[in-house]
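Visitor: Take this structure first; my questions come after.
The values are calculated or read from the model by the stated rules, or taken from the named source; none is laboratory data. Note that the structure is a prediction, hence the values are computed from the model and not measured. Positions of Cβ are generated from backbone atoms using ideal geometry, with glycine treated the same way; all protein chains shown enter the neighbour counts.
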2 protein chains.
Amino acid sequence: MNEQNSGIFAAAEIGNAVDKASYDSAIDSLRVDLLNLQFDLKDQDFSLVILLAGDDRPGAIAAARILHDWMDERHIQTNVMFDDDGANGDKRPVLHRYWARLPRDGLISLFLGGWPTWAVHTALVRDWEELELDGVLDHMERFERELALDGTLLLKFWFHLPKEQHLKRLKDAEDNPDRYWHFEQRDWDILENYDKGLGLVEHMIRKTNSVHAPWTIVESSDERYRNLTMATQIARMLRARLEQKPATAAPERTSMSALPGQNLLEQIDLSLTVSEGEYPERFRQLQARLNELARAVEFANIASVIVFEGVDAAGKGGTIRRVSAAIPIQNVRVIPIAAPTEEERAHHYLWRFWRRLPAGGDMVIFDRSWYGRVLVERVEGFATPEQWGRAYEELNDFEALLDQSGMPVIKFWLQIDQEEQLRRFEARAQTPYKKYKLTDEDFRNREKWTHYQEAAHDMLARTSTSYAPWHALPANDKKYARLRTLEIVGDRLEAQLVANLGKNWRKQIPQGPAKQAKKARKSKKKG
Amino acid sequence: MNEQNSGIFAAAEIGNAVDKASYDSAIDSLRVDLLNLQFDLKDQDFSLVILLAGDDRPGAIAAARILHDWMDERHIQTNVMFDDDGANGDKRPVLHRYWARLPRDGLISLFLGGWPTWAVHTALVRDWEELELDGVLDHMERFERELALDGTLLLKFWFHLPKEQHLKRLKDAEDNPDRYWHFEQRDWDILENYDKGLGLVEHMIRKTNSVHAPWTIVESSDERYRNLTMATQIARMLRARLEQKPATAAPERTSMSALPGQNLLEQIDLSLTVSEGEYPERFRQLQARLNELARAVEFANIASVIVFEGVDAAGKGGTIRRVSAAIPIQNVRVIPIAAPTEEERAHHYLWRFWRRLPAGGDMVIFDRSWYGRVLVERVEGFATPEQWGRAYEELNDFEALLDQSGMPVIKFWLQIDQEEQLRRFEARAQTPYKKYKLTDEDFRNREKWTHYQEAAHDMLARTSTSYAPWHALPANDKKYARLRTLEIVGDRLEAQLVANLGKNWRKQIPQGPAKQAKKARKSKKKG
């Protein structure tokens, strides 16, 4: 045993090995087990995520190939993510890459390298302070907990080789390059930074070895031992999960609704209006300003997310169109959120939003959003009290990640009163091309007005954060709401520009094409 | 009327306009029509693709916004593709971008700009000869025909403005930059190249104005006229399509099976074997060579596609694993093709393959492939004789596009005889972890042996092209088939390297990491 590594790797440096005969007899039944478990998993409402990482990178790859070989490849998807820190200009949070690749219920995903490798590698090359690394590990731990609470079975393997063996193996590779072609530059790099790297790995493993997502450290010197250890652990954990009784229902959460008179929504002044005379010119100015900001934001590679929630018929659609019209069409996407598809239901409820986050320079506008979890899903009972009760924190975490990656999150709640809503429903019923917007459900929802208002109050109270505050706007006067929306979006984008480029951001962005063309025309005349 | 443009644009330069009162009264019922038609479409087994292009780019965008406004946005997806020729390093055929974005049955996709804009723009900036442009237009015309034959309703609009109006509008923009912020540099570029560009557009429109995908040229000077013309045409064409009786069944195609004794498969010499002694070393050499080629291919940004088809139990899986093991795991993807998912069935049968084409430097291996159309779908009757009969040409076209974009297409048919197949089925039945591979279907398929062999013969005869020939390999001896596969894949990749980098390609690629490490170690010792 190597004294240097007497820490968590001690048990993985004792020369564990399995002889061929024991191996051959063991794997026959193990392969049947794995296949049967995999088929049982197919009908379940959870997925299996297997993370394969390690200082023995070729060993992790060989382990992945073994799983492909031993299980039914059609239901496994493999994500090779050893060196995924080069996503240039991608302003989305790092976790985005993993979220977007999560399997649907019943399936298996392998992640090679994955988030722990990213964290350790980045800490090493950027020379992070421990505090910085811990911040990242903290997010990753929350990510894993969210998946686990949603039902995902998450197994993490670290394949470890003692330093002498790394040395010996790479020496062999140098002497027989055409037999060791599966080694890559990274494998030499790992050896180069072995001691420092392993210290970081140990820290990372200690920090992220939770009940939700336990680590298994596997000595990787002997490939039979490696394969057997990994596969046995997967079979054992998957069987345990499949045999587990469904948890007894969590205790009903008491509603967090406000006391009478304390509902935040009642503080919105619905009498605010804008005069007919004032509107057109002000509207034109605000759209022109927003367009200028959109160009600057694209130049500065700032992505942004806008969320619209509100009472039915509060005018979300019309307001959204006024915002999106001011953004170049290639930089803006409006995403109407309806009931999840079958594919979406087979994933964590946040998955469909993670997948649609904007890349650098773009704006995504959600017409309804992840807040459905604590609004319609709460009121209609589509989520259990335990699920929606937990969601407030999950949503705050999600938006914190967006904010930390430099992505403004701008949230609007549009409020109208019940009389105005009825007026609008009746108007819809009389406008032939608006009838389709009106369903029986709308009237049913009216009966639940109080429940929805309570849910909205809790949402505003619990998810209005310093980094992503709610803007609760009165919308009895649609025009007032539109102007305020344009103004708020503009202000937030401008604040981000100042943060990124400084106060004189305007001087740094290229002139609009019309101004440029004018200048070109003038200089032509002179010349 | 401007004499210069007395061609196909003549009718779109006469100052068509609609007054506000007529417009307002017309759109009320038109919007109801569009919504109803859109809802009717939702249950159909075809999709609607609307292409919006034009020299009036802002007009095309405004038209798209109108469609979003007038129809139910939740069932429309919009693809903004004005300047999509900058996909750096993407070796996939240009059409890939459009194929991958086609809507599923029942839905509507808008393409802004799209393939016609790409063709004209590229012809202009690269100064193409007419012949070159015609080659591209020919592919686009086939693309449109394939979609139409598959049921897609494809409507194409060209929004046209006379030159004087372009001039006037851009002059206005230069004088009032903050009112014309929706104009972009491209709009000035369009005017700059107006005459030459319009000549190319006219040529393009004439060439691609087919029954399958007719063009509608819309004068764009008056926005009411523009909106009304477009929306009326969409409503009319969609209604006509919805009311259309299903076509009477096409006449049964006579089978193209060979006369007795003439089946190509019978010419495969199944007695070929490799000796036990020879195999291991030869295998090692071929994998090492393939790995070297894979590195070179990545360096040269060459993507490749490998297709495996063959008799059940011919050993496709095992052969594929021997190929993929030699490629760095991040550069290779094995895609097992099973029955299409619900999502895939709601698209053209080639859609799922287009989406999975490799980007530069990567290899995708299909375990079964698009040839299912003329094998299992033909034999089991999942495709009509008209559909599979048409497919041979479609598949040849598809592979021609891949070949022309520099992507090797390497196709293997693995053949075993009926006795060997039975032996393998029985062996599977006795190996516990292989049982799952064996289903009743396998035995049923044995009864259709002759039908499958006929279909395979026709496939080999009709789709073995100079650019993508079939390699029909005897696989009674698995080892023989594996060695030949490794050899053929290597040869084809090497040929592509020679074509791209010249005969001395080896000198241009960086050394493998083991050799580099060795060199570094030596120079360290010396220093």
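Visitor: Which condition number does A:Leu155 fail, the rest of (1) part of a loop (DSSP other than H, G, I, E, B); (2) modelled with pLDDT of 95 or more being met?
Guide: (1)
Visitor: Here are A:Arg356, A:Arg352, A:Arg368: which of them is free of Cβ contacts under 8 Å to residues at least 24 places away in the same chain, farther than 20 Å from A:Thr152 by Cα and under 18 Å from the mean Cα position of the chain (by Cα)?
Guide: Exactly one residue qualifies, and that residue is A:Arg356.
Visitor: Now, a different point. Would you point out which residue out of B:Ala63, B:Ala100, B:Ala119 is of a type in the set (Gly, Ala, Ser) and over 18 Å from the mean Cα position of the chain (by Cα)?
Guide: None of the others qualify; the one that does is B:Ala63.
Visitor: To continue, here is another question. Residues B:Ile61, B:Ile66: which one is within 14 Å of chain A (Cβ to nearest Cβ) and either touching an Asp or Glu at 6+ places or on another chain (Cβ under 9 Å) or without any contact (Cβ under 8 Å) to a residue 12 or more places away in the chain (or both)?
Guide: B:Ile66
Visitor: Still on this structure: The conditions are (1) of a type outside the set (Ser, Thr, Tyr); (2) closer than 30 Å to B:Leu41 by Cβ; (3) within 14 Å of chain A (Cβ to nearest Cβ), and B:Trp181 fails exactly one of them. Which is it?
Guide: Looking at each condition in turn, B:Trp181 falls short on (2).
Visitor: Is it the case that segment A:73-82 has a residue that's within 18 Å of A:Tyr194 (Cα to Cα), modelled with pLDDT of 95 or more and in contact with a strand residue (DSSP E or B) (Cβ under 8 Å, 6 or more places away or on another chain)?
Guide: Checking segment A:73-82: not a single residue is within 18 Å of A:Tyr194 (Cα to Cα), modelled with pLDDT of 95 or more and in contact with a strand residue (DSSP E or B) (Cβ under 8 Å, 6 or more places away or on another chain).
Visitor: Still on this structure, I have one more. Kindly evaluate A:Asp477 against the criterion of being acidic (Asp, Glu) and surrounded by 17 or more Cβ atoms within 10 Å (Cβ to Cβ).
Guide: yes
Quick grid of which residues meet (1) β-branched (Val, Ile, Thr); (2) modelled with pLDDT under 95; (3) surrounded by fewer than 18 Cβ atoms within 10 Å (Cβ to Cβ); (4) in contact with a His (Cβ under 8 Å, 6 or more places away or on another chain):
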site	(1), (2), (3), (4)
A:Ala472	no, no, no, no
A:Arg482	no, no, no, no
A:Leu486	no, no, no, no
A:Val489	yes, no, no, no
A:Ile509	yes, yes, yes, no
A:Pro513	no, yes, no, no
A:Arg521	no, yes, yes, no
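Visitor: Please state which of the following conditions A:Ile337 fails to meet, knowing it meets all the rest: (1) out of contact with any Gly (no Cβ under 8 Å at 6 or more places or on another chain); (2) surrounded by 19 or more Cβ atoms within 10 Å (Cβ to Cβ).
Guide: Result: A:Ile337 fails condition (1) only.
Visitor: Here are some residues: B:Leu272, B:Leu286. Which one is buried (at least 19 other Cβ atoms within 10 Å of the Cβ) and in the same structural domain as B:Leu402 (by TED's automatic domain parsing)?
Guide: B:Leu286
Visitor: Can you confirm whether B:Phe299 is within 14 Å of chain A (Cβ to nearest Cβ) and in contact with a helix residue (DSSP H, G or I) (Cβ under 6 Å, 6 or more places away or on another chain)?
Guide: Spelling it out, it is not the case that B:Phe299 is within 14 Å of chain A (Cβ to nearest Cβ) and in contact with a helix residue (DSSP H, G or I) (Cβ under 6 Å, 6 or more places away or on another chain).
Condition check ((1) in the same structural domain as B:Trp115 (by TED's automatic domain parsing); (2) at pLDDT 90 or above; (3) polar (S, T, N, Q)) across all residues:
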residue: B:Ala213; (1), (2), (3): yes, yes, no
residue: B:Glu223; (1), (2), (3): yes, yes, no
residue: B:Gln233; (1), (2), (3): yes, yes, yes
residue: B:Pro260; (1), (2), (3): no, no, no
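Visitor: Scan segment B:484-523 residue by residue and report those that are in contact with a Leu (Cβ under 6 Å, 6 or more places away or on another chain) and within 14 Å of chain A (Cβ to nearest Cβ).
Guide: Hits for segment B:484-523 are B:Leu486, B:Gly490.
Visitor: Hey, can you tell me all the residues within segment B:184-207 that are more than 14 Å from chain A (Cβ to nearest Cβ) and without any contact (Cβ under 8 Å) to a residue 24 or more places away in the chain?
Guide: Within segment B:184-207, just B:Gly199 meets the criteria.
Visitor: Among the listed residues B:Leu67, B:Leu51, which satisfies the condition of being at pLDDT 95 or above, in a helix (DSSP H, G or I) and crowded, with 19+ Cβ neighbours inside 10 Å?
Guide: Being at pLDDT 95 or above, in a helix (DSSP H, G or I) and crowded, with 19+ Cβ neighbours inside 10 Å holds for just one of B:Leu67, B:Leu51, which is B:Leu67.
Visitor: Pairs, please: C-beta under 8 Å, at least 6 apart or cross-chain, first residue in contact (Cβ under 8 Å) with a residue 60 or more places away in the chain and at positive phi and in segment A:95-121, second surrounded by fewer than 22 Cβ atoms within 10 Å (Cβ to Cβ) and polar (S, T, N, Q)?
Guide: Final answer for the pair search is A:Gly106/A:Gln44; A:Gly114/A:Asn79.
Visitor: A further question on this structure: May I ask you to verify whether A:Leu170 is within 11 Å of chain B (Cβ to nearest Cβ) and surrounded by 19 or more Cβ atoms within 10 Å (Cβ to Cβ)?
Guide: When the stated conditions are applied, A:Leu170 passes them.
Visitor: For the condition more than 30 Å from B:Glu243 (Cα to Cα) and either of a type outside the set (D, E, K, R) or under 24 Å from the mean Cα position of the chain (by Cα) (or both), what is the one hit in B:Leu161, B:Leu153?
Guide: Criteria check complete, one pass: B:Leu161.
Visitor: Return a yes/no flag: does segment A:411-419 have any residue that is assigned to a helix (DSSP H, G or I) and either out of contact with any Pro (no Cβ under 8 Å at 6 or more places or on another chain) or outside the structural domain of A:Gly315 (by TED's automatic domain parsing) (or both).
Guide: Within segment A:411-419, one or more residues are assigned to a helix (DSSP H, G or I) and either out of contact with any Pro (no Cβ under 8 Å at 6 or more places or on another chain) or outside the structural domain of A:Gly315 (by TED's automatic domain parsing) (or both).
Visitor: If you check B:Phe143, B:Phe157, which single one turns out to be more than 14 Å from chain A (Cβ to nearest Cβ), under 21 Å from B:Glu394 (Cβ atoms) and crowded, with 18+ Cβ neighbours inside 10 Å?
Guide: Unique residue meeting the criteria: B:Phe143.
Visitor: A further question follows. Name the residue that is farthest from the chain's Cα centre (by Cα), counting only residues in segment B:426-458 that are surrounded by 18 or more Cβ atoms within 10 Å (Cβ to Cβ) and closer than 22 Å to A:Met71 by Cβ.
Guide: Residue satisfying both the conditions and the ranking: B:Tyr433.
Visitor: Related question: Among the numbered criteria (1) surrounded by fewer than 22 Cβ atoms within 10 Å (Cβ to Cβ); (2) at pLDDT below 95, which single criterion is violated by A:Phe9?
Guide: All conditions pass for A:Phe9, except number (1).
Visitor: A follow-up question, please. Need the failing condition index for A:Glu184 against (1) closer than 27 Å to B:Val332 by Cβ; (2) out of contact with any Lys or Arg (no Cβ under 8 Å at 6 or more places or on another chain), just the number.
Guide: It fails just one condition, (2).
Visitor: Hey, another quick one. Suppose we filter A:Ser220, A:Ser210 for residues that are more than 21 Å from the chain's Cα centre (by Cα) and touching a residue at least 60 places away in the same chain (Cβ under 8 Å); which single one remains?
Guide: Only one candidate qualifies: A:Ser220.
Visitor: Another question, if that's okay. Just for segment B:302-345: of the residues that are among the hydroxyl-bearing types (Ser, Thr, Tyr) and assigned to a helix (DSSP H, G or I), which one is farthest from the other protein chains (Cβ to nearest Cβ)?
Guide: B:Thr319
Visitor: For a quick check of your reading of the model, give me the residue pairs whose first member lies in segment A:18-45 and is within 12 Å of chain B (Cβ to nearest Cβ), whose second is of a type in the set (Asp, Glu), with beta-carbon atoms closer than 7 Å and at least 6 apart or on different chains.
Guide: Pairs that qualify, where the first residue is within 12 Å of chain B (Cβ to nearest Cβ) and the partner is of a type in the set (Asp, Glu), are A:Leu35/A:Asp72; A:Gln38/A:Asp72.
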